[in-house]
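Let me begin by presenting the structure, written as structure tokens, before commenting on it.
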């Protein structure tokens, strides 16, 4: 599966876009919607390049979701999981209770939004931005309106 325009819109909303390179909270040079490969101080890109980098970056997270999730997903569910993985990384998906619940013999679909929303901390502290993003991802997973989050 591939991420739809709706999934890309969610990622863009919460990642934000900076056309000048900057150091992220982890001290890594970053540009666009969170691209880090080959980025250094003083770089700048166009909006079109930022959009292209995002699509390239999304591919690896799509691959992770496609490889790790063993159940059939609807498009909105896939999009929500790609956004979650884009933000948290494939290793966190691989080791998460979220994945265990998804891949269980009898999937408890109602539990998935809760599992998505558990991941709202950075440095041990709940962050409002992560609470909002996880809420939007949970709503998208359920096929509900998320844009006002």
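Numbers below:
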quantity: Unique match (being surrounded by 12 or more Cβ atoms within 10 Å (Cβ to Cβ), modelled with pLDDT of 95 or more, under 21 Å from residue 13 (Cβ atoms) and in contact with a helix residue (DSSP H, G or I) (Cβ under 8 Å, 6 or more places away or on another chain)) among 50, 136; calculated: 136
quantity: Residue, nearest to residue 77 (Cα to Cα), within the stretch 114-129, restricted to residues that are part of a helix (DSSP H, G or I) and free of Cβ contacts under 8 Å to residues at least 40 places away in the same chain; calculated: 116
quantity: Residue that is surrounded by the fewest Cβ atoms within 10 Å (Cβ to Cβ) [pool: residues in the stretch 15-32 that are without any contact (Cβ under 8 Å) to a residue 60 or more places away in the chain and touching a helix residue (DSSP H, G or I) at 6+ places or on another chain (Cβ under 8 Å)]; calculated: 19
quantity: Qualifying residue in the stretch 33-44 (condition: touching a residue at least 40 places away in the same chain (Cβ under 8 Å) and surrounded by 14 or more Cβ atoms within 10 Å (Cβ to Cβ)); calculated: yes
quantity: Residue 26, sole failed condition from (1) within 16 Å of residue 87 (Cβ to Cβ); (2) not in a loop (DSSP other than H, G, I, E, B); calculated: (2)
quantity: Residues of the stretch 115-133 satisfying the condition of being crowded, with 18+ Cβ neighbours inside 10 Å, at pLDDT 95 or above and within 16 Å of residue 16 (Cβ to Cβ); calculated: 133
quantity: Flag if residue 67 is in a helix (DSSP H, G or I), without any contact (Cβ under 8 Å) to a residue 12 or more places away in the chain and in contact with a helix residue (DSSP H, G or I) (Cβ under 9 Å, 6 or more places away or on another chain); calculated: yes
quantity: Residues satisfying the stated conditions in the stretch 82-103, i.e. part of a loop (DSSP other than H, G, I, E, B) and modelled with pLDDT under 95; calculated: 89
quantity: Qualifying residue in the stretch 32-45 (condition: within 23 Å of residue 147 (Cα to Cα) and more than 13 Å from the chain's Cα centre (by Cα)); calculated: yes
quantity: Among the residues listed as 111, 72, 79, the single one being surrounded by fewer than 19 Cβ atoms within 10 Å (Cβ to Cβ) and in a helix (DSSP H, G or I); calculated: 111
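The values are calculated or read from the model by the stated rules, or taken from the named source; none is laboratory data. These numbers were taken from a predicted model, which means no experiment stands behind them. For neighbour counting, all protein chains shown are included, and Cβ atoms are generated from backbone atoms with ideal geometry for every residue, glycine included.
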